[in-house]
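Here the structure comes first, spelled out in structure tokens, and everything after it is commentary.
A short reminder: the numbers here are calculations on the coordinates, not readings from a lab. From a predicted model like this one, the values you see are computed outputs, not experimental measurements. Methodologically, a virtual Cβ is constructed for each residue, glycine included, from the backbone with ideal geometry; neighbour enumeration extends over all protein chains shown.
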Ligand SMILES: CC(C)(COP(=O)(O)OP(=O)(O)OC[C@H]1O[C@@H](n2cnc3c(N)ncnc32)[C@H](O)[C@@H]1OP(=O)(O)O)[C@@H](O)C(=O)NCCC(=O)NCCS
């Protein structure tokens with residue numbers, strides 16, 4: 001029988017200004033080294049500060065005795081002509097030393113409560129197709145119906161790049 005995960009005392013709370021630098025550095029290690037950042041959003045200072053400014057209540061951290069164990073950044077999306085609003089789980093990251101200790105599960109539980117309080121009817125999340133740990137985590141949380149999405153890239157020929165650059 002598999003061993004039960006060790007239970008640790010976590011404070012799941014909304015992020016404060018002093019959390020932003022640790023969140024940024026943890027995300028840098030998680031998202032850039034594994035290339036798990038999604039293609040249309042980039043992990044950088046602007047991403048974090050704008051999320052913090054726009055939706056501070058949906059920016060959560062897992063605090064382990066003053067140490068950052070993980071974070072979750074979410075956003076509510078209203079769609080035109082739709083009575084539903086959607087909760088987008090934008091970024092989720094756990095410090096590797098805390099892996100498999102239910103840090104992400106606890107963050108997600110709080111996120112679900114927040115989304116329900118804000119009238120959200122459906123949660124959405126996306127990740128790279130080869131991010132097996134995240135896919136396993138999301139399925140375990142009850143996400144279903146994965147839809148394949150293909151990203152294509154176009155690289156400008158070098159000549160054109162130079163011309164665009166000169167205009168500046
Ligand atoms: C995915 C991630 C958030 C999981 O965090 P975590 O705190 O370790 O997850 P939990 O302990 O709450 O895991 C709950 C369940 O999810 C699944 N799971 C989590 N990590 C897993 C892994 N590495 N491999 C397989 N299943 C995993 C398991 O079913 C696990 O339950 P179990 O431990 O009883 O088997 C973490 O590995 C991470 O930060 N990954 C890098 C960043 C990332 O990919 N973020 C998601 C996209 S934004």
Exercise. How far is it, in nm, from the label point at residue 65 to the one at residue 85 when both lie 7 Å from their Cα along the line to the Cβ?
Worked result: 3.9 nm
Seminar exercise, completed: Rounded to the angstrom and largest first, Cα extents along the principal axes for segment 24-123 equal 43, 27, 22
Exercise. Once the Cα gyration tensor of the chain is found, what semi-axes does its equivalent ellipsoid get, as square roots of 5 times the eigenvalues, in whole Å, sorted largest first?
Worked result: 30, 20, 19
Problem set entry | In nm, spacing of pseudo-spin labels at residue 132 and residue 151 (7 Å Cα→C-beta vector) | 2.1 nm
For this session: Assuming R0 = 22 Å, can you tell me the calculated FRET efficiency for the pair residue 41 and residue 121, based on Cβ-Cβ distance, to the nearest 0.05?
Result: 0.45
Exercise. Given R₀ = 25 Å, FRET efficiency for residue 25-residue 54 by Cβ-Cβ distance, to 0.05?
Worked result: 0.70
For this session: Grab every C-alpha pair in segment 105-144, bin the distances at 5 angstrom width from 0 up to the longest one, and report whole percents.
Result: 5, 21, 29, 24, 13, 7, 1
Exercise. When only alpha-carbon atoms count, how far does segment 66-156 stretch along each of its three principal axes, as whole angstroms with the largest first?
Worked result: 42, 42, 26
Seminar exercise, completed: Quick note on 156, 143, ordering by fewest other C-beta atoms within 10 Å, gives 156, 143
For this session: May I ask you to compute the full-extension gain from residue 158 to residue 16, defined as 0.36 nm times their residue separation minus their alpha-carbon distance, rounded to one decimal in nm?
Result: 46.7 nm
